[in-house]
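Beneath this line is the structure, given in structure tokens, with notes to follow.
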Amino acid sequence: MSTTTSSTTTSGTPRPAGSPARGPGRRRRPAATAVAPWLLVTPFLLVFLISFVLPILMAVGQSFTRVERRGLFGEEGVTSTFAWFENYRLALEDGSFLASIGRMLLFGVVQVPVMIALATVLALLLESAAARWPGFFRAAYFMPYGIPGVLATILWSFLYVPGLSPIVDVVHSVTGVEVDFLGSGTVLWSIANIVTWTYTGYNMLIIIAQLKAIPAELYEAARVDGAGPARIATAIQLPLIRPALMLTTVFSIIGTLQLFAEPQLLAQVAPAIDSQYTPNLSAYTTAFAYNDYTVAAAQAVLIALVAFVLSFSFLRLTNRRS
Amino acid sequence: MSTAADAVQDDRRDSAPDVDPAAGRPDGPASPGAGAAALRRRGRTILVTGVLVVVALYFLAPVYWIVVAASKTTDDLFGTHGFLFAGNFALFDNIAQVLAHDSGIFLRWLANSVLYAGVGSLIATYLAAAAGYALSTYVFRGRNLIFGLVLGGVLVPGTATALPLFLLFSQLGLVNTYWSVLIPSLVSPFGLFLCRIYADATVDRSLVEAARLDGVGEIRIFHVLGLRLMVPALVTVFLFQLVSIWNNYFLPLVMLTDDQLFPITLGLNTWRSQTDRLPEFYELTTGGVLLSVIPLALAMIVLQRFWRGGLTEGAVK
């Protein structure tokens, strides 16, 4: 769109961001530079406050509250009292909720490495000289990212349901085995397949972006030293795309804990998926089926905490290793 | 198919330095060695391209399937092989049915999705650009606090805020309105993060200073100078936000009950959930999925180079 305008200006030397705007100037400037940043930041902060900070504070507040309704439908008044960790106790005593977190950990331990590895291999292959038509393949792999999870799940659910699925037919006619994509042992991996299908190309594109940033001289030097493609991949490319790999892994961990649309939609055709199959589904059910907002708030806080802890410990672990 | 061809050409030009395995290898005798190397290179090309083709089949097969399925009647959908077209080509009947059903509610859902995603991502990009530019250009009290706070926001799962947001909006009387989906879509913490990093690298302080000396106001400097310099990052932020709003399901599901306000994701799911009882909804669902998948799939293919562009310069720096 406007790569021309940017290329002329990016040549300017970047300055350290911290240096204050000072110099020979008029009297009005100190006032103007004091007000301007707030004028620019305030609209963003306002929306951020409404849609991030307030809801989080509210969720934390709710999670420590006990709501009592007097009368059959609360018609005689509602009182809220401080409940300490009562809601957290209820949430953690709920075996199904804990099981859903365990299920997502299992899911993440398998699906995230598989997806990131696949994305890395595809990125390396597409960036190697041996690949033909890399532009076409890159576009084909990235395309599913534009398909909403809901639609991707509708698509794949048709490919899973026996009687409708050509895959089940093909496998049956070739091997004679009647595969069941929606059974209690397999449906988690059928969900993993949908997630992998949707996000592999997206992660691949982030990795490719960083591969393209590797200076040409490094390849040149490696080639002079007689390094083959495998050696170049392990000695140069993989170490240099570490930041991209960490970024995509952290986003994938957060995404795993948020899993909702795929299991919720598949539940209709897969009886193995109950209303508390994933942590998010569990919180949704608690809030809207049981109308128990305070326990649901505790669950939402717990989900966010687990996401935080996992992301940070992953970053810690990988940083220490280097 | 011209886009794919363009992409291939484009790629040959801007692709990373060739990692050609055979080029630098000290081979023995000149002519037979070169022949063997060329042979090895061709073998490697065939092998790698073969792998890429198989993977492409995996990513494209479901889309091919929906094209086939959308062109079948419900009877054929169950009676004929899923990957083969049936004798009875019903694609246009099905699409007409999708557009006409319930006095054209499909188009209404599509328009809603365009509204939520289009307006939401435009405003979100502008807000992130203004805040990111301010954090990069000015030194002021609270600057690091704001940046840290927003960075934390990147890591908060979007669905974790949806439930409390519902409680908040129900107290404000905003639930089940356009605003309930639009307002949370206006903020992109990741966008601010990207804009700030990009502004650090590209907005030249001497230009800002020169504009000041010319008597240009601070806000005007942002609009005339800052916004223009940040365009590549803004395109990336806009696309990220567009896709994440377009694909969002949890937030509208929590907020909306009136199907006139539904985005396409929610709408098509209500159709699909009726296929159990009413088989004619199979035709509506497959046709509707096809109609809503094609434009975005095409957009992804055309726009993928912009994602790459903004990301190299910003996110993973």
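The values are calculated or read from the model by the stated rules, or taken from the named source; none is laboratory data. Everything quoted here is computed from the prediction, not taken from an experiment. Reconstructed Cβ throughout: ideal geometry from the backbone, glycine too, with neighbour counts over all protein chains shown. Remember, those area values only see protein heavy atoms, side chains included, never the ligands or the DNA or RNA. Shrake-Rupley method; radii C 1.70, N 1.55, O 1.52, S 1.80 Å.
Can you tell me how segment B:91-313 classifies by the Cα gyration tensor, rounded, prolate or oblate, using a/c under 1.5 as the rounded cut?
Prolate.
Using the Kirkwood radius over Cα pairs, work out the Stokes-Einstein diffusion coefficient for segment A:97-321 at 37 °C and 0.692 mPa s, in µm²/s as a whole number.
The calculation lands on 167 µm²/s.
Going by a ≥ b ≥ c, the root eigenvalues of the Cα gyration tensor, does the protein assembly as shown fall in the rounded group (a/c under 1.5), the prolate group (a/b larger than b/c) or the oblate group?
Oblate, since a/c reaches 1.5 and b/c is not below a/b.
Test of understanding: extend the Cα→C-beta vector of A:LEU49 to 7 Å, then name every residue of segment B:143-173 with backbone N under 14 Å from that spot.
B:146
What nm value, rounded to one decimal, do you get for the distance between A:ALA99 and B:ALA210 when each label is placed 7 Å out toward the C-beta?
If labels sit at A:ALA99 and B:ALA210, their model points lie 6.8 nm apart.
Determine the calculated [θ] at 222 nm for chain A from helices alone, applying -39500 (n - 2.57) to every DSSP H run no shorter than 4 residues and normalising by the residue count; nearest 500 deg cm²/dmol.
My calculation for chain A gives -21000 deg cm²/dmol from helical runs alone.
Quantify how strongly other chains surround peptide B:59-71 by giving the mean number of their Cβ atoms within 10 Å of each of its Cβ atoms.
Whole-number average of other-chain Cβ neighbours for B:59-71 is 4.
Using the beta-carbon distance between B:SER103 and B:GLN171 and R0 = 35 Å, what value does 1/(1 + (r/R0)^6) give for FRET efficiency, to the nearest 0.05?
E between B:SER103 and B:GLN171, to the nearest 0.05, is 0.55.
Indicate the helices, whole DSSP H runs only, in chain A that combine a mean Kyte-Doolittle hydropathy of 0.5 or more with a Cα extent along their long axis of 30 angstrom or more.
A:95-127, A:187-212, A:293-321
Using 11 Å as the cut-off for backbone N distance, which residues of segment A:296-317 belong to the label zone defined by a point 7 Å from the Cα of A:PHE85 along Cα→Cβ?
Flagged as within label range: none.
Using a 1.4 Å probe on the protein heavy atoms only, what accessible surface does A:LEU106 show? Give it in Å² to the nearest 10.
Roll a 1.4 Å probe over it and A:LEU106 shows about 90 Å².
In nm, what is the difference between 0.36 nm times the number of residues separating A:VAL109 and A:ASN291 and their Cα-Cα distance?
62.3 nm
Assuming R0 = 25 Å, can you tell me the calculated FRET efficiency for the pair B:ASN144 and B:LEU182, based on Cβ-Cβ distance, to the nearest 0.05?
The pair B:ASN144/B:LEU182 has a calculated efficiency of 0.25.
If I take R0 = 51 Å and measure r between the Cβ atoms of B:LEU227 and B:ASP258 in this structure, what FRET efficiency does the formula 1/(1 + (r/R0)^6) give, to the nearest 0.05?
Step by step, r from the Cβ atoms, then E = 0.90.
Just to be sure I understand the model, the point goes 7 Å from the Cα along the line to the Cβ. What's the resulting B:GLN274 to B:TYR64 distance in nm?
Calculated label separation equals 3.3 nm.
Between A:ALA31 and A:GLN268, what length in nm is gained on full extension when 0.36 nm per residue of separation is reduced by their alpha carbon distance?
Once the chain is fully extended between A:ALA31 and A:GLN268, it gains 79.2 nm.
How high is the relative contact order of segment A:97-321, in percent, counting Cα pairs under 8 Å that sit 6 or more residues apart?
Across segment A:97-321, relative contact order equals 27 percent.
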